[in-house]
Amino acid sequence: MTGSSPAHAWPRMASTLLTLAAAIAFIGAVAMIASTQPSVADGPGALARGGGTAADNPEREEQAEQAAERAEAYEQAKEKGLVGQARPTGAAAAAPATGWLGERPLDLTADDWEPAIAADPTQPFVYALATRYAGKTCGGNCPTPWMALYVSGDGGSTWGAPKPLCACKGSGQFDPIIEVVPTTHAVYAAYMNGFNVVFTKSTDHGATWSAPVKTYGNVSWNDKPTIAVSDNGVDVYISFNGPTGGDPWIAQSHDGGATWAQTKLVDSSFYYFDFDSDVAPDGTVYFAETALLYGGGGNKGTFPTAPIEEHVFISRDRGATWENRTIATVQPGTQCVADGCTPDYYLGHIALSADGSGKLVALYDGATVSGGPQSISSRTSGDAGRTWSAPVVLSAAGETSDAPAVESRGGGDVRAWYYQTSGGGNVDAWNVWYRSSTNGGTSWTAPVKISDATGGAAYKTSAGFGEVYGDYGEIGITSAGKTIAIWGEGSSYTGPGGVWVNRQQ
């Protein structure tokens, strides 16, 4: 539910002429989202009609409105001195969690949303992407927002200066996802240009990137991609939702991302959101998705009218055929009431990972009673997704938990984090909690709070941060075996906010 996030009203009139001027300029910068898409097959900077019409996908207008609202909120916060200004105690006020370096922002002066991260399993390179709405410019021909790429050559201890993943003129860039090919060390990434999912890769540790390639064929619009890559990098799979009303699709390439074919997996009245994916060592492909039923079918942004289904789509023959396994059913939980939010913002997230032996673990959020507090549950499968264990609840009772992330390696080494409210479900104070497992998710260590900074941004206090900023973050395991986690924090759904990182010592 990222660039696919719920709709909201047109932004309020700015309180000052300066803010109004900034918002108007920003609206102009994103106006092409409503009407044009970049023809990225022709290389960066090309611009042409594409991606369907507003009637095909009314979310394009919502996307432009969201960008404009964030521009206004950022300018208002900047006027008040709340951008890039630390609270009196500073970002390192609290001692880091035991065994962790302490959370740090990628850039406090930027309005960053929905990050992605990938760690090379055998080399000390880590790659992070942030969806940058405002603040630092890319120094090139970038749209708004754009993908800010950070590269670390020392396992995430230090980071180079950000640069654009693609300085592609045209529509805004959304929903980044990034992976490292284990055997070749190439870096693969996917993101949305407007409502077109494209693929790009780097073979020199992120220094240069190939021209983005269309992955969606003749599909009129596509949204919320994730990417799964075989160990040799030859087989690449991208799942996205698209016509008619959030149906799940798979794009697949068997030549390292050069050419793509598309398959629609389900045709139903449910709206599918893809949140995680993996390719097991034996080549089996897994996509974890949630299915929400809205009033009228496909009317995303309202509160669902039925239980939420947790699905895992599986291919055992390199994408030729697909199985659809429903592994759990939960009730839609906590409704979001933050500025800019619609009720379904916290709903319907699932994360999945396969370890070195092929054992699966899936984490998902959901409630037991419609409208009640959400918890994070995990299930495991030792038979390649054919059967699944009973759920194990990871989050604290009485709190609302949201948007888990998970990564595995070896024989049962699992790392995970999730958002959780503080103080009896206070949705104005969130934190990020980490748990791990050495037996593939059968049992878990005690939770550790890794959003351990009590200041450093206007939206942070000793109780936590103001709002979950984006539908997801990610987690990785470095070549030294250290967990590295990335997520978004903000003052509200509208923002401004930022991307924060924490890593084990």
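The values are calculated or read from the model by the stated rules, or taken from the named source; none is laboratory data. Values in this document were obtained by computation on a predicted structure and should not be read as measured data. Neighbour counts run over all protein chains shown; Cβ positions are idealised from the backbone, glycine included. Quick note on the areas: whole protein, heavy atoms, side chains included, nothing else; ligands and nucleic acids left out. Shrake-Rupley method; radii C 1.70, N 1.55, O 1.52, S 1.80 Å.
What fraction of the Cα pairs in the chain, stated in percent, has a spacing above 38 angstrom? Before the final figure, lay out the partial values.
Working: 19919 of 127260 pairs.
I get 16 percent for the Cα pairs in the chain exceeding 38 Å.
Which three semi-axes in whole Å describe the equivalent ellipsoid of the range 101-249, each the square root of 5 times a Cα gyration tensor eigenvalue, listed largest first?
Numbers: eigenvalues 113, 80, 35 Å².
That gives 24, 20, 13 Å for the three semi-axes.
Would you please put 380-392, 306-318 in order of how densely packed they are, using the mean number of other Cβ atoms within 10 angstrom per residue and starting with the highest?
Values: 380-392: 16.3, 306-318: 19.9.
Final packing ranking: 306-318, 380-392.
Taking the Cα atoms of the range 197-292, report the difference between the largest and smallest coordinate on each principal axis, in whole Å and largest first.
43, 30, 20
Solvent-accessible area per residue for the range 398-442 at a 1.4 Å probe radius, Å²? Numbers along the way, then the final one.
Numbers: 1300 Å² over 45 residues.
Solvent-accessible surface per residue comes out at 29 Å².
Would you work out which of 436, 455, 469 lies farthest towards the positive end of the dipole of the range 415-495, given +1 charges on the beta-carbon of Lys and Arg and -1 on that of Asp and Glu, about the Cα centre?
Of the candidates, 436 comes out farthest on the positive side.
Using helices alone, what [θ] at 222 nm do you get for the chain, with -39,500 (n - 2.57) per DSSP H run of 4 or more residues, divided over all residues and rounded to the nearest 500? Write out the running numbers ahead of the final one.
Values: 2 runs with 35 residues, N = 505.
Result for the chain: -2500 deg cm²/dmol, rounded to the nearest 500.
Which percent of the accessible heavy-atom area of the chain goes to carbon and sulfur, probe 1.4 angstrom?
54
Take peptides 473-479, 343-349, 497-503, 158-164 and line them up by average Cβ neighbours within 10 Å, highest first, as a rough protection proxy. Provide the component values of the computation, followed by the final result.
Working: 473-479: 22.0, 343-349: 24.9, 497-503: 27.4, 158-164: 15.7.
So the order, starting with the most tightly packed, is 497-503, 343-349, 473-479, 158-164.
Magnitude of the Cβ-charge dipole of the chain, K/R +1 and D/E -1, about the Cα centre, nearest 20 debye? Walk me through the numbers before you get to the answer.
Numbers: 30 positive and 50 negative charges, 132 e Å.
That gives a dipole near 640 debye.
Report, ordered by chain and residue number, the lysines lying within cross-link reach of residue 482, taken as a straight Cα distance under 24 Å and ignoring same-chain residues fewer than 8 apart.
Filter leaves 359, 449.
Full-extension gain between residue 383 and residue 442, please, as 0.36 nm times their residue separation minus the C-alpha to C-alpha distance. Intermediate values should be presented prior to the final figure.
Working: separation 59, 0.36 × 59 = 21.24 nm, distance 1.44 nm.
Result for the pair: 19.8 nm of gain on full extension.
With +1 on each Lys and Arg Cβ and -1 on each Asp and Glu Cβ, and nothing else charged, work out how big the dipole of the range 386-434 is about its Cα centre, in Debye to the nearest 20. All intermediate terms of the calculation are to be shown ahead of the outcome.
Values: 3 positive and 5 negative charges, 56 e Å.
Charge dipole, the range 386-434, about its Cα centre: 260 debye, nearest 20.
Students often check this: by mean Cβ neighbours within 10 Å, which of 435-445, 273-283 ranks highest, and how do the rest follow? Spell out each step's value before the answer.
Details: 435-445: 17.8, 273-283: 21.8.
With the highest mean Cβ count within 10 Å placed first, the list reads 273-283, 435-445.
Which net charge results when you count Lys and Arg as +1 and Asp and Glu as -1 among the other residues whose beta-carbon is under 10 Å from that of residue 504? If you can, show how the numbers build up before the last one.
Working: positive: 415, 482, 503; negative: none.
Around residue 504, the surrounding residues sum to +3.
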